[in-house]
1. Take the residues in segment 23-48 that are over 13 Å from the mean Cα position of the chain (by Cα) and not in a loop (DSSP other than H, G, I, E, B); name whichever of them is nearest to residue 86 (Cα to Cα).
2. Restricting to segment 56-71, name every residue that is surrounded by 13 or more Cβ atoms within 10 Å (Cβ to Cβ) and not acidic (Asp, Glu).
3. Mind telling me which of the residues 24, 71, 13, 39 ends up being touching a Lys or Arg at 6+ places or on another chain (Cβ under 9 Å) and of a type in the set (D, E, K, R)?
4. I'd like to know if segment 39-54 contains one or more residues that are surrounded by 13 or more Cβ atoms within 10 Å (Cβ to Cβ), closer than 24 Å to residue 136 by Cβ and touching a helix residue (DSSP H, G or I) at 6+ places or on another chain (Cβ under 6 Å).
5. Mind listing whichever residues of segment 1-27 are surrounded by fewer than 20 Cβ atoms within 10 Å (Cβ to Cβ) and within 13 Å of residue 112 (Cβ to Cβ)?
Amino acid sequence: MYHHLLVPIDGSELSERAADASLELARKVGARITGFVVEPHPPLPSMGANPAAYARDADDHLARTEAHAHEVLGQFAARAAAAGVPFDGHFRRTDGVDDAILEAAAEYDCDMIVMVTHGRGVFGELLFGSHTKNLLARTRLPLLVLH
């Protein structure tokens, strides 16, 4: 069966479903969970941007996103502890979300990925893309997709 679930989360209400479902599944099959948050790099400066102001904004962005990742993972860890599920949390800073998830699954030796999809439909996918669809096409691991 499954022993180690990778659960990419972002702190949204939708990702709470992935957390809930993964905790229930892990508890039933005796698996452990690795929670995973991907945070973006600071945006690039615009033309004519003040270098000092950009550096301040970039530092603020880095601090805010790191604090967000730790908060989200901390909440997940507390829920896992309450459910009696072994948990480990990690975050990575990158703009390549799909690659980061695949790399994390390999790095942490996970045997299943549990994630949610927004279910935006064809038009929404054209505008925003779909990490779930990209992972489904690229991973060799089982992928549990929740709506």
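1. Initial filter on segment 23-48 (over 13 Å from the mean Cα position of the chain (by Cα)): 23-32, 41-48.
Applying the additional criterion that residues be not in a loop (DSSP other than H, G, I, E, B) yields 23-29, 32.
On the way: 23: 10, 24: 12, 25: 12, 26: 9, 27: 9, 28: 13, 29: 12, 32: 5 Å.
Looking at the filtered set, the residue picked out is 32.
2. Here is the first cut: in segment 56-71, the residues surrounded by 13 or more Cβ atoms within 10 Å (Cβ to Cβ) are 57-58, 61-62, 65-66, 68-70.
Of everything in segment 56-71, those that are surrounded by 13 or more Cβ atoms within 10 Å (Cβ to Cβ) and not acidic (Asp, Glu) turn out to be 58, 61, 62, 65, 68, 69, 70.
3. Working: 24 fails: touching a Lys or Arg at 6+ places or on another chain (Cβ under 9 Å); 71 fails: touching a Lys or Arg at 6+ places or on another chain (Cβ under 9 Å); 13 fails: touching a Lys or Arg at 6+ places or on another chain (Cβ under 9 Å).
Every option except 39 fails the conditions.
4. yes
5. The initial filter retains those residues of segment 1-27 that are surrounded by fewer than 20 Cβ atoms within 10 Å (Cβ to Cβ), namely 1-4, 10-14, 16-17, 20-21, 24-25, 27.
Matches in segment 1-27: 1, 2, 3, 4, 21, 25.
All of the numbers you see were taken from the coordinates with simple rules; none came from a lab. In this text, all values refer to a predicted model and were calculated from it rather than measured experimentally. A quick note on method: Cβ atoms are made from the backbone with ideal geometry, for glycine too, and the neighbour counts reach across all protein chains shown.
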